[in-house]
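A.B. asks: Handing you a structure now.
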């Protein structure tokens with residue numbers, strides 16, 4: 001007997017009920033967990049999109065971690081720069097010409113205060129965060145600057161700044177306190193000459209108010225020399241001005257005035273004839289040179305030594321080479337080679353030494369976005385920082401004796417020169433220069449602004465991605481509850497129908 005299976009669809013009905021039961025269970029899980037699926041495979045065709053979105057969020061999180069790290073470092077660097085600016089401001093306030101204090105107290109305290117400030121600056125430049133040093137460019141694994149004691153006093157066979165500056169002063173002053181100049185007179189002509197082209201005074205020019213009586217010859221030759229000839233007797237009040245360039249590049253003009261009486265400072269006596277007048281002029285010029293050598297020249301020499309010792313961006317340390325013939329620095333004519341200096345002189349800065357401020361910034365870079373990196377490297381050898389260090393070091397090595405009126409006057413004069421040079425080096429006019437404290441702060445401020453903008457963008461984009469993921473992965477409880485009720489109704493109806501069908505038998509059918 002053939003039976004048509006379509007008349008008895010029991011097995012297919014069981015399959016339908018099983019599907020409804022699975023759908024019911026899934027909806028129950030979604031309602032309980034709030035998620036559309038409990039496994040990745042449950043997302044079906046949306047799986048690839050979900051994984052991609054999560055990868056993007058993870059990448060943004062990584063960039064935000066970088067931003068947080070960089071911001072922490074920038075905050076610390078800015079804190080140090082603020083402290084350096086405060087030291088700079090206080091230094092220029094203390095270094096005021098003519099402010100010697102009661103009983104010249106400032107003459108004795110200024111060097112000590114400068115040394116304390118220098119120690120504070122050097123400590124700040126060695127700031128690190130978890131072993132990451134912040135003022136050595138890409139050289140982040142070691143302190144970028146030496147200690148105060150090492151820098152000033154040296155270490156072992158390595159000479160410190162005090163020694164290097166003292167040797168440079170000998171080379172600049174020369175013998176007889178003449179600043180490496182020589183004077184000679186032949187008949188009516190006085191000749192002033194350099195004995196070298198590297199150290200001491202450099203001859204820049206000579207002028208006279210009476211060229212009809214006084215003939216001047218500008219500096220010529222190697223080494224250069226100039227001359228002043230008294231072709232005829234000058235008149236009282238006639239002047240001769242000799243301009244000298246100091247080791248730090250500044251100038252000093254010695255003006256001498258002819259007089260018929262007893263000459264005072266800055267004067268020469270008109271003699272009985274031109275030869276005598278020339279000799280008197282030589283004596284006066286020598287006195288003026290020797291008066292300025294321990295003050296103006298000495299200060300300029302110290303700053304030149306600091307310029308060479310505290311090397312700036314892209315520069316190497318320089319040190320005077322002793323004269324091998326005389327074994328004296330007073331007759332030195334040149335510098336040691338770079339390799340010599342590296343082996344016998346303290347290197348105050350051992351971090352990366354980029355030649356420009358832009359290269360300094362680029363020495364430390366961190367990727368903070370898929371298409372953006374931020375540069376925030378700072379090097380202690382940059383212009384503004386090295387100028388502050390030099391100024392403090394020069395002040396720290398000064399001595400201002402006040403044993404008598406003459407030495408006190410000389411000390412006050414030198415104090416004023418150092419003060420003027422310090423104010424010039426650290427003035428606000430330097431703020432616009434690349435590598436100044438202000439310009440470094442501006443560069444880092446721009447970097448932080450970039451980081452904030454990127455952080456805001458990341459936050460907004462991450463929120464968008466989270467919303468998309470939520471729409472794809474999270475179940476709407478209202479919709480799920482509605483579907484669950486509908487499936488439950490269908491499932492109950494299906495169970496009732498199946499129960500009725502399961503009671504049907506052929507015998508019951510025939511009996512009826």
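The values are calculated or read from the model by the stated rules, or taken from the named source; none is laboratory data. Predicted model only: the values in this text are computed from it and were never measured. Cβ coordinates were reconstructed from backbone atoms using ideal geometry, including for glycine residues, and neighbour counts include every protein chain displayed.
A.B. asks: Can you list residue pairs whose Cβ atoms sit under 6 Å apart, with the first residue in the stretch 140-159 being modelled with pLDDT of 95 or more and the second being buried (at least 20 other Cβ atoms within 10 Å of the Cβ) and assigned to a helix (DSSP H, G or I)? Count only pairs 6 or more apart in sequence or on different chains.
C.D. replies: Note: pairs meeting the criteria are 145/122; 145/125; 148/122; 151/161; 152/161.
A.B. asks: Among 112, 15, which is surrounded by fewer than 12 Cβ atoms within 10 Å (Cβ to Cβ) and modelled with pLDDT of 85 or more? It would help to see each step written out before you state the result.
C.D. replies: Values: 15 fails: modelled with pLDDT of 85 or more.
Answer to the check: 112.
A.B. asks: Also, I was wondering about something else. When you check residue 264 against the structure, is it under 52 Å from the mean Cα position of the chain (by Cα), without any contact (Cβ under 8 Å) to a residue 12 or more places away in the chain, under 23 Å from residue 293 (Cα atoms) and not assigned by TED's automatic domain parsing to the domain that holds residue 320, yes or no?
C.D. replies: Values: under 52 Å from the mean Cα position of the chain (by Cα): yes; without any contact (Cβ under 8 Å) to a residue 12 or more places away in the chain: yes; under 23 Å from residue 293 (Cα atoms): yes; not assigned by TED's automatic domain parsing to the domain that holds residue 320: yes.
So residue 264 passes the test.
A.B. asks: Looking at the stretch 242-267 only, could you name the residues that are assigned to a loop (DSSP other than H, G, I, E, B) and either buried (at least 20 other Cβ atoms within 10 Å of the Cβ) or touching a helix residue (DSSP H, G or I) at 6+ places or on another chain (Cβ under 9 Å) (or both)?
C.D. replies: Result: 246, 247, 248, 249, 250, 263, 265, 266.
A.B. asks: A further question on this structure: Is at least one residue of the stretch 42-63 modelled with pLDDT under 70, surrounded by 12 or more Cβ atoms within 10 Å (Cβ to Cβ), more than 22 Å from residue 464 (Cα to Cα) and over 42 Å from the mean Cα position of the chain (by Cα)?
C.D. replies: So far as the stretch 42-63 goes, yes, one or more of its residues are modelled with pLDDT under 70, surrounded by 12 or more Cβ atoms within 10 Å (Cβ to Cβ), more than 22 Å from residue 464 (Cα to Cα) and over 42 Å from the mean Cα position of the chain (by Cα).
A.B. asks: Being farther than 21 Å from residue 312 by Cβ and in contact with a helix residue (DSSP H, G or I) (Cβ under 7 Å, 6 or more places away or on another chain) narrows it down to one residue among 65, 130, 153; which is it?
C.D. replies: Values: 65 fails: in contact with a helix residue (DSSP H, G or I) (Cβ under 7 Å, 6 or more places away or on another chain); 130 fails: in contact with a helix residue (DSSP H, G or I) (Cβ under 7 Å, 6 or more places away or on another chain).
Going through 65, 130, 153 in turn, just one is farther than 21 Å from residue 312 by Cβ and in contact with a helix residue (DSSP H, G or I) (Cβ under 7 Å, 6 or more places away or on another chain): 153.
A.B. asks: Moving on to the next point. Criterion first (within 18 Å of residue 411 (Cβ to Cβ) and free of Cβ contacts under 8 Å to residues at least 40 places away in the same chain) does residue 116 satisfy it?
C.D. replies: No; evaluated as a whole, the condition is false for this residue.
A.B. asks: Next up: Give the residues of the stretch 339-375 that are crowded, with 21+ Cβ neighbours inside 10 Å, under 20 Å from the mean Cα position of the chain (by Cα) and farther than 28 Å from residue 454 by Cβ, sorted by residue number.
C.D. replies: The answer is 348, 349, 353.
A.B. asks: On to the next question. Which residue, of 301, 316, is farther than 19 Å from residue 255 by Cβ and part of a loop (DSSP other than H, G, I, E, B)? Spell out the reasoning first.
C.D. replies: Working: 301 fails: part of a loop (DSSP other than H, G, I, E, B).
Matching residue, one of 301, 316: 316.
A.B. asks: For residues in the stretch 135-152 being under 16 Å from the mean Cα position of the chain (by Cα) and surrounded by 24 or more Cβ atoms within 10 Å (Cβ to Cβ), which is nearest to residue 78 (Cα to Cα)?
C.D. replies: Residue satisfying both the conditions and the ranking: 135.
A.B. asks: Let me ask something else. Of the numbered conditions (1) surrounded by fewer than 21 Cβ atoms within 10 Å (Cβ to Cβ); (2) in contact (Cβ under 8 Å) with a residue 12 or more places away in the chain, residue 392 fails exactly one; give the number of that condition.
C.D. replies: Of (1) surrounded by fewer than 21 Cβ atoms within 10 Å (Cβ to Cβ); (2) in contact (Cβ under 8 Å) with a residue 12 or more places away in the chain, only one is false for residue 392: (1).
A.B. asks: Hey, does the stretch 273-282 have a residue that's assigned by TED's automatic domain parsing to the domain that holds residue 193 and not in a helix (DSSP H, G or I)?
C.D. replies: Yes, the stretch 273-282 contains at least one residue that is assigned by TED's automatic domain parsing to the domain that holds residue 193 and not in a helix (DSSP H, G or I).
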